[in-house]
Structures are given as C-alpha cells and as structure tokens.
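**Student:** I'd like to ask some things about the structure below.
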Amino acid sequence: MHSHAWQYCGYVTTNPMPKWVPRAIVLFWMMFLAALVARELFHQLSSFFLLVLVSIFLAFAIEPGVNRLAKRGWRRGSGTLLIIFGVITFIGVFLGAVGTLVGSQVADVLKNSEMYVNDTVDFVNDTFNANIDPAEVNASIADPKGPVQKFIKNQQGKVISLSVNALGASLQLLTIVLFTFYFVADGPRLRRVICSRLPEDKQRAVLRTWDLAIAKTGGYLYSRALLALVSAFFHWIAFQAIGTPAPIAMALWVGIVSQFLPVVGTYLAGVLPLLLTFFDSPFKALMVVAFVLVYQQLENYLISPRITARTLHVHAAVAFGSAIVGGAILGPVGAVLALPAAAMAQALIGSWGPRHDVVDDDLVRMPAPRVKRAMRNK
C-alpha cells in the first residue's frame, strides 16, 4: 500500500509522528531561549568585557618592565605598583598642565571678550569684505535672551550629569587599574593555572602566543611613543613660528593625543591649539589648521609606515585598515587595540603552516636593495 493514509469503517488514520520530532521541537526552543539569554547577558556585560580587554592590553604593555624589575630583586606586586603609579602620575601632571593652560585662557577670554570679538570681526571684514558691526555682535552676546547666553545657561544645567559621568569614568578607571595589577602581579601564577589544564605541546603554544602578544604590544607602544615625539617636535617648530600660546605644551598635546587615538586623533588634538590661537589671531589659526592637515598627510604616507613596519613588522595598509575596523566595532578603544591585535594575528598566521620556495616571476620579484653611497665610493 503506497498511500500514507487508509480508510477503515469511516475513519481516516495516518502514520504516527516520529518520536524524534517532539524532542527536536523542544531542543529548538531551548536553544532559541538560550541564545536570547546569552545575547542579553552579553549586552549587559559588554562594558565589563571591554574593561577586561583594556586591562589585558595594559598588562601586556607593562609586564616587560615588571619582569626587568623582578630580575633585579623586586617583588612583582611592588614593581607593578611602581609602574602603574608612574603612568598615572605622568597622565595626571600632563592633563593638569593642559587644563590649567586652557582654564587661564578661558578666563582671559571671558575677561576681555569684547576685545577678542572686535579683533575677530575686523579680521572677517578685512578678509571677506564683510560689513559686520562689532557693537551689534557684542550686544547679541551679552543679551540675556540671545543664543549665546541661552547656551551658557543650558550648559550650567548639565553640571550634575557631567559630575555623575566623571564619577562613573573614575570607577571604570579604578576597575581597569585593579585588573591590570592582578594580571601582571599574578601573571606567572595565572599562566601556571592555564597551562596545568593543557598537554605539553598546547602549553608551549599558549606561552608562545602570550609572549608574542607582549612583544607586539610593546612594539605598538614603542612605535606610538616614537611617532608622538616626532609629531611633537615638528608641531613645536610650527607653533613656535606661528606664535601659538604655550607652543611646547600644545605640541606635546598634539603629539600624544594624535598617536594614541589613531585615524582621527590628529584632528581632535588640533582643535585645542586652534582655539587658543584663534583667540589671539584668526589668521594664525588658519596657519595652524593648514600645518595640521599637511603634517597628517606626511605622517600617513611617509613617517608612520616606516616606523610601524620596523617596530611592529606589520604592513601599513593592514595597520590602517585594522584601526578603522577596530574603531567601527569598539569605538576609540577598538582603534587603539586594533593595531597590536593585527600585528599579533599577522605573526601567528605567518608562523603557521609550511613554507615553500617562490617561483621566479616578474610579479613576485623583489627590487634589489640599495647600496649605500659609502660602499659605492669604495
């Protein structure tokens, strides 16, 4: 009988449902609910995972220094505290100096606002052949119902929210510091716990990867610090020639912020010296903008690829693309962490699998190395 149903005494009967169907339906809905729960947990704990990721990055960065101190007889906990305290002190002093400079400049602007408005209006009138009355601009700024005063009042109402955000940021910073301390101070113990669960060949692979992560993170910080020094040096020369207020402090600000916030760091860092210079002279501010834009292009195409290739051994296109992808996924933090992660991934991929001789062809032929002039003369 080929039909799945047959009629007997006026009833139609069918083959019974297979036993695995109800179990499959229950399993499907259980997996669906588990996926929803996992998604919600990840959403709730994503900020915590990000803090742990930043802590691991910082632990990789400072562990070489702690290891050197440990070889000289320091306890790992004391060495870790010393390095973390030094980094926090440097950041605090640097931000305090820049904040003091900005605060004094803002106070000067508020005290002599009428003079700055007159100078700016004169510059606009002379440059663009405009006919703006400085008295009307000053009156609109001082008008209690004007847009400037309304904006100031609205910002005053946000003091509480800014204070709460600052407190939250401080707690996150404390969490990062604590995790970083434990990751570094108890690093050998943590690695022993991980390796104790693995066979010998897997242990060596884990330790090799760990050591590679430390090396690439150190190379990243070294390249960023070197680029920051180069950037600060050239910006100091430019700011000194242009007449920017506090040229050394502004050059250091641009150098540090531009290198530790990839892709957009230069433009964000250039806003502060631009504003400070604008209050002094709008024409000088245009010169600051021009130099920042020109230097960014020179750094992208000439300076950064050479330094990155020598310190991280990563291709410039890979570095640039990884920063964009990391920023799209995790924001500014992802842009910072993307470059050492890309360097480590490239090194791991490069060490995997066998190697073969490359055939001789024009598409793969490398240019001959340049001979130094001294060798030519010989």
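**Student:** How much FRET efficiency would the formula 1/(1 + (r/R0)^6) give for residue 162 and residue 35, where r is the Cβ-Cβ distance and R0 is 35 Å, rounded to 0.05?
**Tutor:** 0.35
**Student:** Another question about this same structure. Among the complete DSSP H segments of the chain, which ones combine at least 15 Å of alpha-carbon extent along their axis with a mean Kyte-Doolittle hydropathy of 0.0 or more? Present the calculation step by step, with values, prior to reporting the outcome.
**Tutor:** Details: long enough: 20-71 (64 Å, 1.35); 76-111 (52 Å, 1.45); 113-128 (22 Å, -0.28); 159-185 (38 Å, 1.85); 200-242 (62 Å, 0.40); 247-260 (20 Å, 1.59); 282-298 (24 Å, 1.50); 316-330 (21 Å, 2.07); 332-350 (28 Å, 1.65).
Once both thresholds are applied, what remains is 20-71, 76-111, 159-185, 200-242, 247-260, 282-298, 316-330, 332-350.
**Student:** Moving on to the next point. Helix-only estimate, please: 222 nm mean residue ellipticity of the chain, summing -39500 (n - 2.57) across DSSP H runs of length 4 or more and dividing by its residues, to the nearest 500. Before the final figure, lay out the partial values.
**Tutor:** Numbers: 16 runs with 295 residues, N = 378.
Result for the chain: -26500 deg cm²/dmol, rounded to the nearest 500.
**Student:** Moving on to the next point. What does the net charge come to around residue 148 if you take all other residues with beta carbon closer than 15 Å to its beta carbon, with K and R at +1 and D and E at -1? All intermediate terms of the calculation are to be shown ahead of the outcome.
**Tutor:** Working: positive: 145, 150, 153; negative: 114, 136, 143.
Around residue 148, the surrounding residues sum to 0.
**Student:** Follow-up. First check a/c for the stretch 121-185, with a ≥ b ≥ c the square roots of the eigenvalues of its C-alpha gyration tensor; if it is under 1.5, answer rounded, and if not, answer prolate when a/b is larger than b/c or oblate otherwise. Don't jump to the answer; show the numbers that get you there.
**Tutor:** Working: a/c = 9.00, a/b = 2.50, b/c = 3.60.
It is oblate, given that a/c is not under 1.5 and a/b is not larger than b/c.
**Student:** Further question on the same structure: Compare the peptides 280-292, 69-81 by average per-residue count of other Cβ atoms within 10 angstrom and give them in order, highest first. Each step should come with its number before you reach the end.
**Tutor:** Values: 280-292: 17.6, 69-81: 15.0.
In descending order of packing, they fall as 280-292, 69-81.
**Student:** Take every Cα-Cα pair in the chain and report what % of them are more than 27 Å apart.
**Tutor:** Values: 48331 of 71253 pairs.
Of all Cα-Cα pairs in the chain, 68 percent lie more than 27 Å apart.
**Student:** For the chain, what does the relative contact order come out to in percent, with C-alpha contacts under 8 Å and a separation of six or more? Don't skip to the end; give the middle numbers.
**Tutor:** On the way: 284 pairs, mean separation 54.7, N = 378.
That works out to 14 percent.
**Student:** With each pseudo-label sitting 7 Å past Cα toward Cβ, what's the residue 173-residue 207 distance in nm, one decimal?
**Tutor:** 3.8
**Student:** In the structure shown, do any of 111/150; 111/158; 145/284; 111/284; 71/216 have a Cα-Cα gap over 31 Å, and if so which? Before the final figure, lay out the partial values.
**Tutor:** Working: 111/150 19 Å; 111/158 23 Å; 145/284 33 Å; 111/284 22 Å; 71/216 22 Å.
In this structure, 145/284 exceed 31 Å between Cα atoms.
**Student:** Under the √(5λ) rule applied to the eigenvalues of the Cα gyration tensor, what semi-axes describe the equivalent ellipsoid of the stretch 160-229? Give them in Å, descending. Walk me through the intermediate numbers first.
**Tutor:** On the way: eigenvalues 214, 85, 14 Å².
Each semi-axis is the square root of five times an eigenvalue, giving 33, 21, 8 Å.
**Student:** Let me ask another. FRET efficiency for residue 142 and residue 94, Cβ-Cβ distance as r, R0 = 51 Å, nearest 0.05? Walk me through the numbers on the way to the answer.
**Tutor:** Details: r = 36 Å, r/R0 = 0.71.
So, using R0 = 51 Å, E works out to roughly 0.90.
**Student:** With every atom except the alpha carbons ignored, what do you get for Rg and Dmax of the stretch 216-351, in angstroms?
**Tutor:** Spelled out, the Cα radius of gyration and Dmax of the stretch 216-351 are 15.7, 56 Å.
**Student:** At a threshold of 8 angstrom on Cα-Cα distance, excluding pairs fewer than six apart, so keeping six or more, what relative contact order does the stretch 216-351 reach in percent? If you can, show how the numbers build up before the last one.
**Tutor:** Working: 165 pairs, mean separation 33.4, N = 136.
Computed over the stretch 216-351, the figure is 25 percent.
Coordinate-derived values only; no laboratory data. The model shown is predicted, which means the values in this text are computed figures rather than measured ones. Backbone-built Cβ (ideal geometry, glycine too); neighbour counts: all protein chains shown.
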